[in-house]
Amino acid sequence: MEPTRLAAEREAALQREAASWAAPTDPELIPWATEAEIPVLDLGPYFASGKVDDLEAVARRLREAADATGFHYVSNHGVPSSLIEEAFDAARRFHALPAEQKSRLAMDTLPSKDSEVRAGCGYIETANRKLPAREKANMVAAFIVKREIGPRDVILDKMPWPDENVLGDAIAGFRATVERYCAAMEALALRMLPIYAVALGLRPGWFDAAFRAPLFRLRLSAYEATPRGEYGINPHVDTSFFTILAPSGPGLIVQTRTKGNRAWVRAPHKPEAFVINFGELLAQITNDSWPATRHYALNPAESAIAHGCDGGTFKHLRFSLPFFFNATPTYPMAVLPTCTDSENPPRYPPMSYLEGQGVAQGE
């Protein structure tokens, strides 16, 4: 099947089946994940030494995560805590802007001349039905920027940034902070690629060619209290290779698949670590042996406040900074040789982001 049509059909099927995932909306009914289900990968020894033994040790832990949930934490990742706090502060200040100012940056109302380079970028308000598109609304607001080097030349200069000259101190330094955070996340993601390669039985530099100009998207999300029976963000899978998440507090719900059993678990909040999850690109090239993990978020007020996530007097109770990391948008990603054989032929043709995941995102 032609790649673009295949991607569109996959996304349509995902939207249909998500309603059947039976994802509970009461967090008190969901158990906390164990470390076996969402392991912590200590990147410190490998990042410090670069030695093969340290690389193989952390790759073994990654394979354990692949077997359990497709989620894992990373500690000792090298990103300064001060930069992470600055990024959260930037998110808080943006979402505290008057609704009128944010609406000028709304994803659906950007000038038509910018529609191609800004597809999937800009502001979306709470109670939206975008990213993901589901029957229930997503009770989260977000400001999204991306970089996609290639034929569409989507660069950060072309993003719908808030005007710091007009808004003054309320948003001063916002763009600079977001760009520095994106650069730090991209650097971390690239440093992690050898771990993923070795965990998949490949040489450390296997992914180098595919990620020479990686596409990325950063979402600055703000959750108000989730109404009973609703989702902060609906059950979904990411279209990324992997996603690096910094949350301000608990709220992430993940589906396990240990020994073929599926169950929803709450991801404990670990302030010193990032949360990583597999996306559809990784699922595609592993022939679905490392499937994209189902997940969603809840943010009941009593839970958020109990964990110190009420943001003072600000109405949003939880913030998250998911960084969606993908290959060069025009690079055709093929099923990996270690994930296919004569009895398990490739399920997917070689496919680039623009032919596959980009289609699923409506781009």
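The values are calculated or read from the model by the stated rules, or taken from the named source; none is laboratory data. Please read all numbers here as calculations on a predicted model, not as lab measurements. Backbone-built Cβ (ideal geometry, glycine too); neighbour counts: all protein chains shown. For the accessible areas, the whole protein counts, side chains as well, though only heavy atoms, and no ligand, DNA or RNA atoms are used. Shrake-Rupley method; radii C 1.70, N 1.55, O 1.52, S 1.80 Å.
Full extension of the segment from ALA170 to SER49, taken as 0.36 nm per residue of separation minus the current Cα-Cα distance, would add 39.3 nm. Carbon-plus-sulfur accessible fraction, region 223-275 (probe radius 1.4 Å, protein heavy atoms only): 49%.
Under 15 Å from a label point set 7 Å out along the Cα-to-Cβ vector of ARG180, the amide N atoms of region 78-98 belong to 79-91. For the set LYS51/LYS146; LYS102/LYS158; LYS158/LYS270; LYS102/LYS130, the pairs lying more than 28 angstrom apart at their alpha carbons are LYS51/LYS146; LYS158/LYS270. Applying 1/(1 + (r/R0)^6) with r as the Cβ-Cβ distance of ASN344 and GLU35 and R0 = 45 angstrom yields a FRET efficiency of 0.90. Based on protein heavy atoms only, region 143-233 ends up with 38 Å² per residue of surface accessible to a 1.4 Å probe. For region 35-183, the fraction of 1.4 Å probe accessible surface lying on carbon and sulfur atoms is 50 percent.
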